[in-house]
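Accompanying notes for the structure given below.
The values are calculated or read from the model by the stated rules, or taken from the named source; none is laboratory data. None of these values were measured; they are calculated from a predicted model. As a convention, Cβ positions derive from the backbone with ideal geometry for all residues, glycine included, and neighbour counts pool all protein chains shown. These accessible areas exclude ligands, DNA and RNA; they are computed on the full protein's heavy atoms, side chains included. Shrake-Rupley method; radii C 1.70, N 1.55, O 1.52, S 1.80 Å.
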Amino acid sequence: MEQKAISPGTLYLLLQACQELARKVAGSYLFITVYDNINMMIRIAKQILGRKNAQENGTCATVIPLHNAKLEDIETKLLDNGIINAPPLRLENLLLTSEESELMEQALVLTSHWNDELRENVPKSTETIVAHQTSLHPLPSMEIDKNTITGNIEIIEEMNAELKLMTENPDHQKYLKFIAGDQLTIAQQRVITGIRLGHKVGTNMWKHFHSSDRDLIMVSLYAWTLHCLLMILGEEDLESYAKNVMSWDTMKNHAQEILETCKH
């Protein structure tokens, strides 16, 4: 008796459609990939001999189209030429203009406890993109540990394979590839970049625009601000301050006072 062919199920067809759409976005080269680890704890319902809770670890990734981006703006040669021909760093390159300083001061003063007041008073920059809905294209989860250098290399290779990107194709190597993640992800990518410096391997030589110095400065800034908060207001800790502050205006004045103190 001839058996009838079993048609694919709805879930499988949905998976195939999502994968094809993600590959289409990646094929335009105008995309960014974000990945992070996933951790799941599978707990047993009853304590039975030989059974115990299990933790599953892996990595998930998402493809996101670049908003209003153009291919001519992300050519690899533009970045290379910019780095090679960059003039020596001068003091005026670091100093903010009067308009930038004013915007920075407004941004540093704002806090986020009172959301309605925050939305009404938040400073606006002219260098912003228009409000739009970002489409997300998740990739299948990967049983790879991203906490190691080798794991991060395997993740990049797995994502390229899933998106069917031909990394040795001249068109692929012509454009920058954008990778985002948490601090651990970026730190691992920096190590990979350092290892591969000097090797001409096209886009396998990933480029990142993050600085350890910047990370250190920002962490120090957070610590400095919190220290000033407790010192100026005479509070023992943040929990005590949160209980005592009762209005948006009060918190905004405190933020202004901290900023003025830090300036001096």
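If you go through the range 75-105 and keep only what is touching a helix residue (DSSP H, G or I) at 6+ places or on another chain (Cβ under 9 Å), under 30 Å from Lys252 (Cα atoms) and assigned to a helix (DSSP H, G or I), you end up with just Glu105.
Every residue, every condition in (1) out of contact with any Phe, Trp or Tyr (no Cβ under 9 Å at 6 or more places or on another chain); (2) modelled with pLDDT of 65 or more, yes or no:
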position: Ile149; (1), (2): yes, yes
position: Ala161; (1), (2): yes, yes
position: Lys177; (1), (2): no, yes
position: Ser211; (1), (2): yes, no
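Select from the range 51-74 the residues that are out of contact with any Leu (no Cβ under 7 Å at 6 or more places or on another chain) and in a strand (DSSP E or B) and write down the one among them that is surrounded by the most Cβ atoms within 10 Å (Cβ to Cβ). The qualifying residue surrounded by the most Cβ atoms within 10 Å (Cβ to Cβ) is Thr59. With respect to the conditions (1) open to solvent by less than 50 Å² (accessible area, probe 1.4 Å); (2) in contact (Cβ under 8 Å) with a residue 12 or more places away in the chain, Asn160 falls short on a single one, namely (2). Restricting Asp182, Asp145 to those that are surrounded by 11 or more Cβ atoms within 10 Å (Cβ to Cβ), touching a helix residue (DSSP H, G or I) at 6+ places or on another chain (Cβ under 6 Å) and at pLDDT 80 or above reduces the list to Asp145.
I need the full set of residues from the range 131-150 which are assigned to a helix (DSSP H, G or I) and in contact (Cβ under 8 Å) with a residue 40 or more places away in the chain, in order please. Listed by number, the list holds a single entry, Ile149.
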